[in-house]
Amino acid sequence: MDQSIGKILILIGLIIMAIGAVFVFSDRMPFLGKLPGDIRIERENFSFYFPLGTSILLSILLTAIVWIISLIGRK
C-alpha cells in the first residue's frame with residue numbers, strides 16, 4: 001500500500017510540474033488558443049472568443065492523464 005501512495009504522489013508532482021511549465025512557456029506556444037475550431041468574432045464595438053478547439057484538446061489530455069492515474073491506482 002505504501003508503494004502505491006508513493007507512485008500516486010510522484011505522478012501528482014509530475015502533473016503539477018507540467019501545469020507549471022505550461023504557465024511559464026505559454027507565451028512561446030503560439031498555437032494554443034489559435035487552433036482550428038476556436039471561434040473568434042470581432043466587430044467594431046464587440047469581440048467574442050470561444051476556444052472550442054483548445055477546450056477539446058485540453059479535455060482529451062486531461063482525460064488521458066486521469067485514465068493513466070486510474071491504471072496506476074489499480075496495480
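Where does the chain land at 222 nm, in deg cm²/dmol rounded to the nearest 500, when only DSSP H runs of n ≥ 4 count, each adding -39500 (n - 2.57), divided by all residues?
Details: 2 runs with 47 residues, N = 75.
After summing the helix terms and dividing by residue count, I get -22000 deg cm²/dmol.
Semi-axes of the equivalent ellipsoid of the chain: what are they in whole Å, largest first, if each equals the square root of 5 times a C-alpha gyration tensor eigenvalue?
Working: eigenvalues 250, 39, 13 Å².
Three semi-axes, in Å: 35, 14, 8.
With labels modelled as points extended 7 Å from the Cα through the Cβ direction, what inter-label distance (nm, one decimal) is found for Ser59 paired with Leu14?
With each label placed 7 Å out from Cα toward Cβ, I get 2.6 nm.
Please report the relative contact order for the chain, taking Cα pairs under 8 Å with a sequence separation of at least 6, and give it as a percent rounded to a whole number. Don't skip to the end; give the middle numbers.
On the way: 42 pairs, mean separation 23.2, N = 75.
Taking the mean separation of contacting Cα pairs over the length of the chain, I get 31 percent.
Since every read-out is calculated from the coordinates, none of them should be taken as a lab result. Bear in mind the structure is a predicted one, so any value in this text is a computation, not a measurement. Counting neighbours? That spans all protein chains shown, and the Cβs are built from the backbone with ideal geometry, glycine included.
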